[in-house]
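In what follows, a single structure is set out as structure tokens and then discussed.
The values are calculated or read from the model by the stated rules, or taken from the named source; none is laboratory data. Note that the structure is predicted; figures quoted are calculated from it, not measured. Neighbour counts run over all protein chains shown; Cβ positions are idealised from the backbone, glycine included. Please note that ligands, DNA and RNA were not included when accessible areas were found on the heavy atoms of the full protein model with its side chains. Shrake-Rupley method; radii C 1.70, N 1.55, O 1.52, S 1.80 Å.
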Amino acid sequence: AADLGRVALVGFSQGAIMSVDAVMTGRWPVAALAALSGRLVRTGPVVPGPPVMLSHGMDDPVIPAADALHAAAHWQKAGRPVDLHLWTGLGHWFDARVAETTAVFLRRTLWPAG
């Protein structure tokens, strides 16, 4: 069996939506979640779990950046740590800033200093 304690789900757009749902409900007890340009599809209970990073372009014409703020508030209300990154000049995509920030988050959560 795989050790999901060393796995991160990273998704963009629909992949982010599916990853958020899988982690929020506890179906995938992974070590970290990085959701890029996604949204919540439900606002039900959040089970205890890993740290979450949400990244979203402020100029996203497909999924409004306000959805990232809503998702962050929902996770934080449930006591989950959330790193929220909103990017100026970015639409429904990711760029070098997002890639580097995601890499830093994954290094911090998957390989903590010890």
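Here is a check on your reading of the model: is Ala78 over 18 Å from Phe105 (Cβ atoms) and free of Cβ contacts under 8 Å to residues at least 24 places away in the same chain?
On the way: over 18 Å from Phe105 (Cβ atoms): yes; free of Cβ contacts under 8 Å to residues at least 24 places away in the same chain: no.
Here the answer is no, as Ala78 does not meet what is asked.
Could you please let me know if Gly49 is of a type in the set (Gly, Ala, Ser), in contact with a Pro (Cβ under 7 Å, 6 or more places away or on another chain), free of Cβ contacts under 8 Å to residues at least 60 places away in the same chain and open to solvent by less than 50 Å² (accessible area, probe 1.4 Å)? Working first, answer last.
On the way: of a type in the set (Gly, Ala, Ser): yes; in contact with a Pro (Cβ under 7 Å, 6 or more places away or on another chain): yes; free of Cβ contacts under 8 Å to residues at least 60 places away in the same chain: yes; open to solvent by less than 50 Å² (accessible area, probe 1.4 Å): yes.
Here the answer is yes, as Gly49 does meet what is asked.
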| Of the residues that sit in the range 51-84 and are among the small types (Gly, Ala, Ser) and assigned to a loop (DSSP other than H, G, I, E, B), which one is nearest to the chain's Cα centre (by Cα)? | Ala65
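Looking only at the range 2-31, count how many residues are part of a helix (DSSP H, G or I) and surrounded by 14 or more Cβ atoms within 10 Å (Cβ to Cβ). Spell out how you get there, then give the answer.
To start, the set of residues in the range 2-31 that are part of a helix (DSSP H, G or I) comprises 4-6, 14-24.
Next, from what is left, pick out any that are surrounded by 14 or more Cβ atoms within 10 Å (Cβ to Cβ): 15-24.
Looking only at that region, the number is 10.
When the range 5-29 is examined, which residues are found to be in contact with a Ser or Thr (Cβ under 9 Å, 6 or more places away or on another chain) and of a type outside the set (Ser, Thr, Tyr)?
The initial filter retains those residues of the range 5-29 that are in contact with a Ser or Thr (Cβ under 9 Å, 6 or more places away or on another chain), namely 8-13, 16, 28.
Listed by number, the residues that qualify are Ala8, Leu9, Val10, Gly11, Phe12, Ala16, Trp28.
Mind checking which residues of the range 25-46 are basic (Lys, Arg) and without any contact (Cβ under 8 Å) to a residue 24 or more places away in the chain? Step through it out loud before you land on a result.
Within the range 25-46, the subset basic (Lys, Arg) is 27, 39, 42.
Across the range 25-46, the qualifying residues are Arg27, Arg42.
Is it the case that Trp87 is open to solvent by 60 Å² or more (accessible area, probe 1.4 Å) and over 14 Å from the mean Cα position of the chain (by Cα)? Show your work before the answer.
Values: open to solvent by 60 Å² or more (accessible area, probe 1.4 Å): no; over 14 Å from the mean Cα position of the chain (by Cα): yes.
Here the answer is no, as Trp87 does not meet what is asked.
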| remark: Contact list, first residue from the range 82-101 and free of Cβ contacts under 8 Å to residues at least 40 places away in the same chain and closer than 20 Å to Val20 by Cα, second anywhere and open to solvent by 50 Å² or more (accessible area, probe 1.4 Å) and part of a helix (DSSP H, G or I), beta-carbon distance below 8 Å, six or more apart or interchain, is Val82/Gln76; Leu84/Leu69; Leu86/Leu69; Trp87/Arg97
